[in-house]
1. Along the positive direction of the dipole of the chain (beta-carbon charges: Lys, Arg +1; Asp, Glu -1; about the Cα centre), which of 57, 303, 145 reaches farthest?
2. What angle, in degrees between 0 and 90 and rounded to the nearest 10, separates the Cα long axis of helix 129-138 from the longest principal axis of the Cα atoms of the chain?
3. In a Gaussian network model over the chain where Cα atoms closer than 10 Å are linked, find which of 272, 227, 285 has the largest mean-square fluctuation.
4. Please give the residues of the stretch 203-225, grouped as numeric ranges, whose backbone N is less than 18 Å from a label point set 7 Å along the Cα-to-Cβ vector of residue 175.
5. Loop-only check: which chymotrypsin sites (Phe, Trp or Tyr not before Pro) in the stretch 11-94 are DSSP coil with at most 13 other Cβ within 10 angstrom?
6. Given a 1.4 angstrom probe, I'd like the percentage of the accessible area of the chain that is carbon and sulfur, rounded to a whole number.
7. Among 387, 356, 45, which residue has its Cα furthest toward the positive end of the charge dipole of the chain, with +1 on Lys/Arg Cβ and -1 on Asp/Glu Cβ?
8. Could you check what % of the DSSP bridge pairs in the chain are antiparallel, to the nearest 5?
Amino acid sequence: MHAFDYSFDLEGYITKERFARLKEFASDKETPFVVLSRDVVGRKYDGLRRSMPYADIYYAIKANPDAAILELLIEKGSCFDIASVYELDWMLKLGASPERLSYGNTIKKARDIRYAYDRGVRLFASDSEGDVRKLAENAPGSSVFFRILADGSGADWPLSRKFGAQPEVVFDAVLLARKLGLRPRGVSFHVGSQQKDVTQWRVAIKTCRALFDAAAQRGIELDLINMGGGLPAHYFHPIEETYVYAAEITDYLREFFGNDFPRIIVEPGRYMAGDAGVLVAEVVMVSCKEREGGVPWLYLDVGKFGGLIETIDESLRYPVYSERTGESRDYILAGPTCDSMDVLYEKNLVRLPADVREGDRLYLFTTGAYTQTYSAVFFNGFPPLKSYVLD
Ligand SMILES: *Cc1c(COP(=O)(O)O)cnc(C)c1O
């Protein structure tokens, strides 16, 4: 076990002024809940627009499908990456037009493809022969991009293995797609979520180049690269500013494609929503397991099943803040359910004031992405994680 050397700088995550407003707003509400900021999402969107002006932004809505966030992004002209017919219905209901949607899941039922096609979706991801055949039959003539495997190394939340295929398999799928009357458009990848190693994008872009060349030799002009998600949010560990990542990635594109880029798509999820949420939780209990020594356990009213599942293997480290100012000490942090896996941080102890006590509120920053969507429905009877929009 080790604790971080942790001096918490609140203003690294939120301005004092907004924190005061958030506390006031939260004061009469029953915890746990996430407070969302549309302003932050808007700034993230604008920041990415500025640093990758050549790219079309398809927000990956699974990160946070809150109507307020989606409506803002629709207003700003964003496109969207959807993964199911349910997300499709949700987007259409909110007023997104189907030309702005990409069906980015490589795993889909034939009837779901048909459903999306009938509602106007014409851009699909694929990574296998079986899926290409389903697309040809149920979404005839549609544009398809093909996902290559990325091993996810360097990512805090890798998406390796399950999605994508080796370049040779992708190449076969491109040829098959053309034969079956689809429009093979390009290549996609996802370098793994919360990816801090920017060189992972280079590896993937290089493979895209090779596939573009191989396809050209067979008379197929690919003209689209979908670079997926992976851009990081600001958790406990510091990250580079987005424009630094963007500038590197742009250099890699130039390296392999010169100044004449194909159409570029990015699908940020975590980057867009992560920093926009603050989870407000309450301390249920602080207790010790030993009479002497030992690290105290701090139980919150939110845990792995209440939206913090990404603490599995302590992969993602949420900054945890208490307003108390006393001497600090280390805690094991755990959730409220009767499941022994519902421990948040035990290897990476959390440093908090020693006088934190039952009934205190704690604030977990960077909880705008992959929290609410991951929370269980009735485990131990706890309701799903609520959220409110403050600004
Ligand atoms: C989840 C997902 C994303 C978003 O990834 P982040 O790391 O959250 O940015 C983008 N594209 C696809 C296809 C995804 O499945």
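1. 145
2. Tilt relative to the chain: about 70 degrees.
3. Comparing 272, 227, 285 in a Gaussian network model of the chain, the most mobile one is 285.
4. 210-222
5. On the way: sites: 13, 19, 25, 33, 45, 54, 58, 59, 80, 86, 90; in loops: 13, 54.
Answer in residue order: 54.
6. On the way: 8420 of 17130 Å².
Ligands and nucleic acids excluded, carbon and sulfur reach 49 percent.
7. 45
8. Details: 23 of 58 bridges.
Close to 40 percent.
The values are calculated or read from the model by the stated rules, or taken from the named source; none is laboratory data. Model, not experiment: these values are computed from the prediction. Heads up, the Cβs are rebuilt from the backbone with ideal geometry, glycines too, and the neighbour counts pull from every protein chain shown. Surface accessibility is based on the protein's heavy atoms, side chains included, excluding ligands, DNA and RNA. Shrake-Rupley method; radii C 1.70, N 1.55, O 1.52, S 1.80 Å.
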